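The values are calculated or read from the model by the stated rules, or taken from the named source; none is laboratory data. Values in this document were obtained by computation on a predicted structure and should not be read as measured data. No Cβ is skipped: glycine too gets one built from the backbone with ideal geometry, and neighbour counts run over all protein chains shown.
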Amino acid sequence: MKNREQTISFIGVVVMALVLPGILKLANNAVRYWVGAEGRLAAIAVETDRTLGPLPGVWRGLAQGGENLPTFLDQAGPQVAALKPAVVRIDHIYDEFEVVSRGSGGLVFDWTRLDVLAEKIKATGADPFFSLSYMPAAIASGDLTSLPRDWNEWSMVVQKTIEHYSGEKGWEGIYYEVWNEPDLFGQWKMAGKKDYRSLYYYAAKGAAAAQGVKDFKLGGPSTTGLYPNWLNNFFPFVLNNKLRLDFFSWHRYDLNMSKYAEDVQNVDRWIEGHPYFSQVEKVVTEMAPRSEPGQENDSRLGAAHLVAASRELMFRVQYALSFAVTGQWGIIGKPRYEALAFLSGLGEQRLGITGEGSWVRAIGAKKNEVYQVILTNYDPKGVHSEVVPVTFINLKDYKYQLRTTYLGARTQSEEIASAAGIMQKSVPMSPNSVVMLELEPVTNTQAPSLNSQ
């Protein structure tokens with residue numbers, strides 16, 4: 001009788017193993033189509049036996065403005081290095097570091113002070129991402145956001161910058177971005193006397209004249225948002241003048257997650273009709289919930305926002321740079337830093353995931369033999385909670401250790417045996433919570449067979 005019951009139990013588990021992936025797919029599809037006043041709930045399924053290629057780490061970038069600029073890495077260097085960034089963007093490189101002066105024979109360049117910061121960035125494992133701003137006093141017609149007295153001197157400044165870092169330093173793949181928020185800092189427009197297109201034209205001219213340099217990337221315009229007038233007038237100008245444009249950049253400070261997707265769709269719509277721009281990267285060179293310091297930026301909502309925006313922008317942009325490292329907008333010691341630490345801990349291979357909802361988004365990865373999932377329940381209103389079923393499917397019949405870490409809390413571990421390749425965990429998620437699940441096989445330990453007795 002006992003053997004009969006074991007046999008029936010075993011058959012039941014096998015049947016569930018065969019049909020559960022299909023049931024999950026149907027359930028997820030049903031959930032996706034169920035959209036009421038509240039939206040749809042999540043039911044996450046993780047395909048452990050299928051990697052989808054490299055995980056695009058769009059979050060692997062930081063940006064620092066003028067606040068604490070020369071010294072912002074003096075104390076924060078180790079914390080930045082721990083995030084494994086690919087790039088760290090800095091602006092104010094000309095007005096803050098006394099790079100350009102005028103001698104009896106013309107312009108004189110001194111990279112000493114800027115080199116100190118650039119080398120500190122390299123020491124974190126990242127490359128410096130230079131925002132070519134603002135107008136050096138030696139060539140400016142007025143303040144640091146004014147026109148140059150001679151456009152050819154602006155070309156020379158850009159040329160010498162690229163020759164120093166991509167030539168003399170020998171650094172490959174450096175980004176050079178023409179200005180920072182030109183629509184704000186200098187009131188540049190797509191027309192008139194202060195036409196950004198002139199600023200870009202002469203910068204591109206200087207980049208083309210650079211000698212003895214390794215591969216680098218030139219782009220812009222780094223506006224405060226993505227504006228149709230700038231988009232529709234900048235691309236044709238670049239095209240008609242056959243200028244170099246390796247990346248198109250803008251900033252996005254917004255609580256509304258749909259705005260991040262809309263930005264990319266608008267840029268892509270323009271690019272798709274012009275093969276000349278087919279290789280142009282898209283980079284969000286500053287990102288946060290709010291453009292003002294504090295408030296949501298420094299809260300748990302800010303952490304959930306960062307993970308949700310990163311998920312939204314995966315495969316759509318090259319990088320989305322969190323602003324800023326230190327100072328009033330700084331992430332060090334704040335929930336957004338912890339969110340970036342979660343993201344930087346993901347493995348290099350992406351796992352297939354289905355069943356995201358209106359609030360809950362997920363990123364799956366594989367790190368060596370560990371299956372990882374980051375969940376975020378992003379809700380700007382701060383009212384939505386749900387219990388999220390997370391199912392790991394197509395597992396080997398091993399015992400596993402499941403580690404669950406909520407942002408700002410200690411890790412909890414439990415040992416679980418998969419049943420016919422399946423393991424499920426119910427994850428309670430309060431508004432704007434972020435959680436990491438890591439499932440690791442216990443070394444050389446196979447789950448007991450259901451008919452072993």
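Laid out as a table, the results:
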{"read-out": "Lone qualifier among Phe130, Phe109 - being modelled with pLDDT of 95 or more, under 21 Å from the mean Cα position of the chain (by Cα) and not β-branched (Val, Ile, Thr)", "value": "Phe130"}
{"read-out": "Positions within segment 328-358 being part of a helix (DSSP H, G or I), of a type in the set (Gly, Ala, Ser) and surrounded by 22 or more Cβ atoms within 10 Å (Cβ to Cβ), in sequence order", "value": "Ala339"}
{"read-out": "Those residues of segment 419-431 which are out of contact with any Ser or Thr (no Cβ under 8 Å at 6 or more places or on another chain) and either closer than 19 Å to Val388 by Cα or modelled with pLDDT of 95 or more (or both), in sequence order", "value": "Ser426"}
{"read-out": "Residue match in segment 301-324 (condition: basic (Lys, Arg), at pLDDT 95 or above and closer than 30 Å to Leu73 by Cβ)", "value": "yes"}
{"read-out": "Scan of segment 55-73 for residues that are closer than 24 Å to Trp111 by Cα and touching a helix residue (DSSP H, G or I) at 6+ places or on another chain (Cβ under 8 Å), ordered by number", "value": "Leu62, Gln64, Leu69, Pro70, Leu73"}
{"read-out": "Residue within segment 157-167 that is closer than 30 Å to Ser344 by Cα, surrounded by 14 or more Cβ atoms within 10 Å (Cβ to Cβ), among the small types (Gly, Ala, Ser) and assigned by TED's automatic domain parsing to the domain that holds Ala208 present", "value": "yes"}
{"read-out": "Whichever residue in segment 272-302 is surrounded by fewer than 12 Cβ atoms within 10 Å (Cβ to Cβ) and touching a helix residue (DSSP H, G or I) at 6+ places or on another chain (Cβ under 9 Å) and, among such residues, is nearest to Ile90 (Cα to Cα)", "value": "Gln295"}
{"read-out": "Pairs where the first residue, in segment 326-342, is within 15 Å of Gln295 (Cα to Cα) and the second is surrounded by fewer than 22 Cβ atoms within 10 Å (Cβ to Cβ) and of a type in the set (Lys, Arg), C-beta under 7 Å, 6+ apart", "value": "Pro335/Arg300"}
{"read-out": "Residues of segment 247-279 satisfying the condition of being in a loop (DSSP other than H, G, I, E, B) and without any contact (Cβ under 8 Å) to a residue 40 or more places away in the chain", "value": "Asp254, Gly273, His274, Ser278, Gln279"}
{"read-out": "All positions within segment 253-295 that are in contact with a Leu (Cβ under 7 Å, 6 or more places away or on another chain) and closer than 19 Å to Gln328 by Cβ", "value": "Thr285, Glu286, Met287, Pro289"}
{"read-out": "Top-ranked residue in segment 79-93 [being in a helix (DSSP H, G or I) and of a type in the set (A, V, I, L, M); ranked as nearest to Phe342 (Cα to Cα)]", "value": "Ala82"}
{"read-out": "Flag for Glu369 being farther than 29 Å from Met287 by Cβ and either of a type in the set (Ser, Thr, Tyr) or assigned by TED's automatic domain parsing to the domain that holds Ile44 (or both)", "value": "yes"}
{"read-out": "Residue within segment 404-426 that is in contact with a Gly (Cβ under 8 Å, 6 or more places away or on another chain) and of a type outside the set (Ser, Thr, Tyr) present", "value": "no"}
{"read-out": "Residue match in segment 215-224 (condition: in a loop (DSSP other than H, G, I, E, B), modelled with pLDDT of 95 or more and under 21 Å from Lys160 (Cβ atoms))", "value": "yes"}
{"read-out": "Lone unmet requirement of (1) on the phi > 0 side of the Ramachandran plot; (2) touching a residue at least 40 places away in the same chain (Cβ under 8 Å) for Gln295", "value": "(2)"}
{"read-out": "Val325 vs. criteria buried (at least 22 other Cβ atoms within 10 Å of the Cβ), β-branched (Val, Ile, Thr) and over 16 Å from the mean Cα position of the chain (by Cα)", "value": "no"}
{"read-out": "Selection from segment 112-153 of residues that are in contact with a Leu (Cβ under 6 Å, 6 or more places away or on another chain) and farther than 30 Å from Val80 by Cβ", "value": "Ser141"}
{"read-out": "Any hit, segment 291-299, residues being among the small types (Gly, Ala, Ser) and at pLDDT below 95", "value": "no"}
{"read-out": "Any hit, segment 228-244, residues being aliphatic (A, V, I, L, M), closer than 15 Å to Pro182 by Cα and in a loop (DSSP other than H, G, I, E, B)", "value": "no"}
{"read-out": "Test for Val108: is it out of contact with any Lys or Arg (no Cβ under 6 Å at 6 or more places or on another chain), part of a strand (DSSP E or B) and in the same structural domain as Ala209 (by TED's automatic domain parsing)", "value": "yes"}
{"read-out": "Meets criteria (in contact with an Asp or Glu (Cβ under 7 Å, 6 or more places away or on another chain), among the β-branched types (Val, Ile, Thr) and buried (at least 19 other Cβ atoms within 10 Å of the Cβ)) for Val58", "value": "no"}
{"read-out": "Strands (runs of 3 or more DSSP E) contained entirely in segment 359-439, each with at least 1 residues that are within 19 Å of the chain's Cα centre (by Cα)", "value": "360-367, 370-377"}
